[in-house]
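J.: Just passing along the structure, written as structure tokens.
The values are calculated or read from the model by the stated rules, or taken from the named source; none is laboratory data. Values in this document were obtained by computation on a predicted structure and should not be read as measured data. Cβ placement follows ideal geometry from the backbone for every residue including glycine, while neighbour counts extend to all protein chains displayed.
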């Protein structure tokens, strides 16, 4: 499954629905490049000609080579089938099949807060973004942003200066640094958090990549804060995606005479929360459902502990759990459901489960 997802992510023009259809059609039974174009076309609902292009691309750029190339630059590739895939993102609509990561996402990064805004902020906007990053880090909350110039960079820097963790999501390959000038910032973020992207190695930054990137920023976060955004801003895309994903959105007010206040003020008109105090966000995260379950592990019964002991960090067939635990299939199914509610295991499909950090 892992190599299949990586291979599919390397193919141009595949949306999440198409990826899901191909995963369902092939599972982990056969490498993608070994299937005929006719079989792939039928599974994905595309023309044979398009499927032939995918087969040729898979032969030209196999998943194994991509894994080795990523490792050679100190990056790992995490798929939706891996236990290390960020849990908040896993449950969002259109979650990426694959993430290239420098550093790492940990269970302690959930809940996180995204701080986004203008690439050309006023001195006030830059100051507020840095202060928000510092305050969140002081409270032990991970800061997520896009490592862009302006507000994004200031929020990352604030978190780092306060000794906290921060995560950057890129609109290019993990082997590229965009914008130039943020190379040292990217290194610091990877050392104290993670730099990640869904785009394959070698992918250059492009305008249409950033709205796609923004759904990952909001998907990783429980709360999104918008600091200075023009009326037509990518930050507003992030905020609206966050609302669609059930996240809470804050907006920082600004002078009515400033063009950079218009986006934030529009969000306030549409129901975003007014950020009046830096502690407003910290309090909102503290009230977020699920926070207590991350901080304090829930006790397990004897059967739950037995079943959990049979589940590994990689996808484990439920049939193997039944055999190793000595419990009936019905009992194992019931216990797995309970463990999912306690955030100790996750069903990754295909009759398999993985253990989560707890």
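J.: Mind checking which helices (runs of 4 or more DSSP H) fall wholly inside the range 52-155 and carry at least 1 residues that are out of contact with any strand residue (DSSP E or B) (no Cβ under 9 Å at 6 or more places or on another chain) and closer than 27 Å to residue 283 by Cα?
T.: The qualifying helices (runs of 4 or more DSSP H) are 123-138.
J.: Residues that are modelled with pLDDT of 95 or more, touching a strand residue (DSSP E or B) at 6+ places or on another chain (Cβ under 6 Å) and not in a helix (DSSP H, G or I): does the range 182-191 have at least one? Break it down stepwise before answering.
T.: Residues of the range 182-191 modelled with pLDDT of 95 or more: 182-191.
Then keep just the ones that are touching a strand residue (DSSP E or B) at 6+ places or on another chain (Cβ under 6 Å); that gives 186, 189-190.
Subset that is not in a helix (DSSP H, G or I): none.
No, the range 182-191 contains no residue that is modelled with pLDDT of 95 or more, touching a strand residue (DSSP E or B) at 6+ places or on another chain (Cβ under 6 Å) and not in a helix (DSSP H, G or I).
J.: Please work out if residue 83 is within 22 Å of residue 219 (Cα to Cα) and modelled with pLDDT of 95 or more. Spell out how you get there, then give the answer.
T.: Working: within 22 Å of residue 219 (Cα to Cα): yes; modelled with pLDDT of 95 or more: no.
No, not satisfied.
J.: Which is modelled with pLDDT under 90, under 21 Å from the mean Cα position of the chain (by Cα) and assigned to a helix (DSSP H, G or I), of 294, 332? Give the steps one after another, and end with the answer.
T.: Working: 332 fails: under 21 Å from the mean Cα position of the chain (by Cα).
Going through 294, 332 in turn, the sole match is 294.
J.: Spot the failing condition for residue 197; the list is (1) without any contact (Cβ under 8 Å) to a residue 40 or more places away in the chain; (2) surrounded by 24 or more Cβ atoms within 10 Å (Cβ to Cβ); (3) more than 20 Å from residue 225 (Cβ to Cβ), and only one is missed.
T.: Every condition holds for residue 197 apart from (1).
J.: Among the residues of the range 101-116, count how many are closer than 22 Å to residue 245 by Cβ, in contact with a helix residue (DSSP H, G or I) (Cβ under 6 Å, 6 or more places away or on another chain) and modelled with pLDDT of 95 or more. Give the steps one after another, and end with the answer.
T.: Step one: filter the range 101-116 for residues closer than 22 Å to residue 245 by Cβ, giving 101, 105-116.
With in contact with a helix residue (DSSP H, G or I) (Cβ under 6 Å, 6 or more places away or on another chain) added as a condition, the list becomes 110-116.
From the residues that got through so far, the ones that are modelled with pLDDT of 95 or more too are 112-116.
Qualifying residue count for the region: 5.
J.: Go through the range 6-19 and give me each residue that's surrounded by 15 or more Cβ atoms within 10 Å (Cβ to Cβ) and either at pLDDT below 85 or more than 19 Å from residue 349 (Cα to Cα) (or both). Working first, answer last.
T.: Looking only at the range 6-19, we keep the residues that are surrounded by 15 or more Cβ atoms within 10 Å (Cβ to Cβ), and these are 6-11, 14, 18-19.
Correct list: 10, 11, 14, 18, 19.
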